[in-house]
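J.: A single structure is presented below for examination.
Just so it is clear, none of the values below were taken in a lab; they were calculated from the coordinates. What you are looking at is a predicted structure, and each value in this text was computed from that prediction instead of being measured. Backbone-built Cβ (ideal geometry, glycine too); neighbour counts: all protein chains shown.
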Amino acid sequence: MTHPTTVPARLPGEWRIPYQYTIGTFASAFFDALREQRILGCRCGQCGRVAVPPKSFCEFCFIPVEELVEVGKEGVIEAVTVVTAPFAGSPPVPYAVAYVRPDGATSAICNYLQGVDLDLEDGLNEALRIEARVKMVFRDDPEGRVTDFWFEPLSPAQ
Amino acid sequence: MSGPQAAVLGFGQTRYKTSRLDVGTPELVFEAVSRALADADTELSEIDAVVFASAPEVFEGVYEPERWCLDAFGGVGKPVIRVHTGGATGGSGPLAAARLISAGVYETVLVVGLQRTSETADAQAVFTTIFDPIYEQDVQLNVITGIALVASRQMKYFGLTEDHMAWISVKNFTNALRNPYAHLQKTITEKDVKESRSLAHPLRLLHTCPRSDGSAAVVMTTAAKAKTKAHAAYVKGLGCAADVYRIGDRLHDDESDFAIPRAQAWAATEAYREAGITNPRRELDVVEVYAPFANLEIAYYESLQLAPHGRGIELVETGATAMDGDIPVVPSGGCMTANPIGATGLVRFGEAALQVMGRAGDHQVDGARLALATACGGIDQFYTAAVLAAEPD
Ligand SMILES: [Zn+2]
């Protein structure tokens, strides 16, 4: 009579599947504008909400949205964190991530927040507080990705 | 709702661990299902349909786990339905089963939950794949980052401090010491919590949950059939609701504050209405909330109407949700001490059933007659709520 082994094994495996994500004309326009150092949202013709980034419908009114609008290159922090524990694929820690509501928008967009001392010894830097104003800063060599811009404090608070 | 009332006959779960190296994934499911059937005093031949609740399968690394595990949950020859609402999946499973029973479609339904989080080395890399690839994946959003962003607003607007979060962690870890199935069984102090490794400000390691391998199953049937069995918990009210996808679209007006998840409130309101509950804080005896982070449990106190808006921290300051408080929350230790993600909502549901049956063992809340179980998924996007009672309607 044979019994199961008491040293169970594991078999290595990996998912490696390349994709080409289709983003549509609204997101394409957003990335084109980023190359010109502008931030685009969309305005709903019925409720007037300005969503950033833009999409071709309003989930509140449930109707198509046609109008792209430029929003401010400054905004306010709505939520913020400093990531201190790295994970596979993460940038070097620490780094800050924030949701920022651009001036003229009714929603917030997520991106890295740079140009701030991220040492947490004495708590979160004052420039990282919710409601603090930030500016969008744009890459000189845009790649057509959301990381073509990031946030920085409006007045460096070091 | 009209139609037969649904009831829970039995609950089976596995001992949660980082890795259950002794069993393959279908074998893990078989273990939970066998225990649930035995606990329910029900034969597999009495099961009319199976609801399989597992998500996301990027953890198992096998797409369509319902296919892989079908033999192991006894699905051959039966209707099999898979539900998938992210982390809330384990809460959506028993809701679907209860609705099928109350609609008269099936009499007896098996609900099966599964998650193996240890098959891949990096859970947060897995979680990055559930985000929008156009605007969010490049910023490396993941669950810890997302919940840290929630905490940033709780701290700014609702008085949350590290002290409140530390109290929650100590409460839940202490409760888990009395639950033989809990993954983490260790005594911790508030000092340990405050000195644990920082993950994403203000979250620390001991504010979060472990990654657990585990499976759970419940057997549900009609109240009429349940009355012929030795023990049962009765479904009094159910609710579920979903919110908009983008976090940035949930931050735009007063009605929607990312810090107090409104979809959990919508789900709970529906469940309370069905159950005829008007004062949940006074009427509920015990709550099994799906809160994998200490700050989320406090946010849910408000979403679940256990505390007034913006005053969730008061339940911490008065100790109301401790085992000896007037509304104990997660006597099992909850998902901060065991989190087989897609199965976790079903564990909350099963634990709530055990409480009202008076069968929760060392973590039984004395005299519990009315319990609430919740689930959340998709970074505060999908929510469920279920009210279970000791007596049929
Ligand atoms: Zn609109």
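J.: Which of B:I379, A:I130 has the fewest other C-beta atoms within 10 Å, and how do the rest follow up to the most?
T.: So the residues, fewest neighbours to most, are A:I130, B:I379.
J.: Please list the equivalent ellipsoid semi-axes of segment B:136-228, computed as the square roots of five times the alpha-carbon gyration tensor eigenvalues, in descending order and whole angstrom.
T.: Taking √(5λ) for each Cα gyration eigenvalue gives 32, 20, 15 Å.
J.: Among all the lysines, which ones have a C-alpha under 26 Å from B:K191's C-alpha, if same-chain residues fewer than 8 places away are not counted?
T.: Correct list for B:K191: B:K17, B:K156, B:K171.
J.: Arrange the following residues from fewest to most other Cβ atoms within 10 Å of their Cβ: B:H363, A:H3, B:H207.
T.: A:H3, B:H363, B:H207
J.: Between Rg and the Kirkwood Rh of segment B:227-278, both from Cα atoms, what is the Rg to Rh ratio?
T.: 1.22
J.: For segment B:80-210, divide the Cα radius of gyration by the Kirkwood radius and give the resulting Rg/Rh value with two decimals.
T.: Checking Rg against Rh, the ratio lands at 1.04.
J.: Could you tell me the calculated FRET efficiency between A:R16 and A:V93, based on Cβ-Cβ distance and R0 = 30 angstrom, to the nearest 0.05?
T.: Calculated value: 0.70.
J.: While we're on this one: With the convex hull built on the Cα atoms of segment B:289-393, state its orientation-averaged projected area in nm².
T.: 6.8 nm²
J.: I've got another one for you. So the label point goes 7 Å from the Cα of B:Y157 along Cα→C-beta, right? Which residues of segment B:306-343 then have their backbone N under 13 Å from it?
T.: Zone members listed by number: B:309-311.
J.: Viscosity 0.692 mPa s, temperature 37 °C: what is the translational diffusion coefficient of the protein assembly as shown from Stokes-Einstein with a Kirkwood Rh over Cα pairs, rounded to a whole number of µm²/s? Please report the intermediate quantities before stating the final value.
T.: Working: Rh = 24.1 Å.
Calculated translational D: 136 µm²/s.
J.: Could you tell me what % of all Cα pairs in segment B:207-347 have separations over 17 Å? Intermediate results must be reported in sequence, preceding the final value.
T.: Working: 6645 of 9870 pairs.
Tail of P(r) above 17 Å: 67 percent of Cα pairs.
J.: Please give, to one decimal in nm, the separation of the simple spin-label points placed at B:A38 and B:R311, each 7 Å out from Cα toward the Cβ.
T.: 4.8 nm
J.: Another question, then. Show which lysines lie in cross-link reach of B:K236 when reach means a straight Cα distance below 22 angstrom and same-chain residues fewer than eight apart are skipped.
T.: Answer for B:K236, where 22 Å is the Cα cut-off: B:K225, B:K227, listed by chain and number.
J.: Please compute the Kirkwood hydrodynamic radius of chain A from all pairs of different C-alpha atoms, in Å with one decimal.
T.: By the Kirkwood definition, the hydrodynamic radius is 18.2 Å.
J.: Shifting gears a bit: Under a Cβ-only charge scheme (Lys and Arg +1, Asp and Glu -1), can you give me the dipole magnitude of segment B:159-293 about the Cα centre, in debye to the nearest 20?
T.: Rounded to the nearest 20 debye, it is 700 debye.
J.: Rg(Cα) of chain B divided by 2.2 N^0.38 Å?
T.: 0.90
J.: Taking the beta-carbon count within 10 Å as an exposure proxy, list B:L44, B:L149, B:L141 from fewest neighbours to most.
T.: With the fewest neighbours first, B:L44, B:L149, B:L141 line up as B:L44, B:L141, B:L149.
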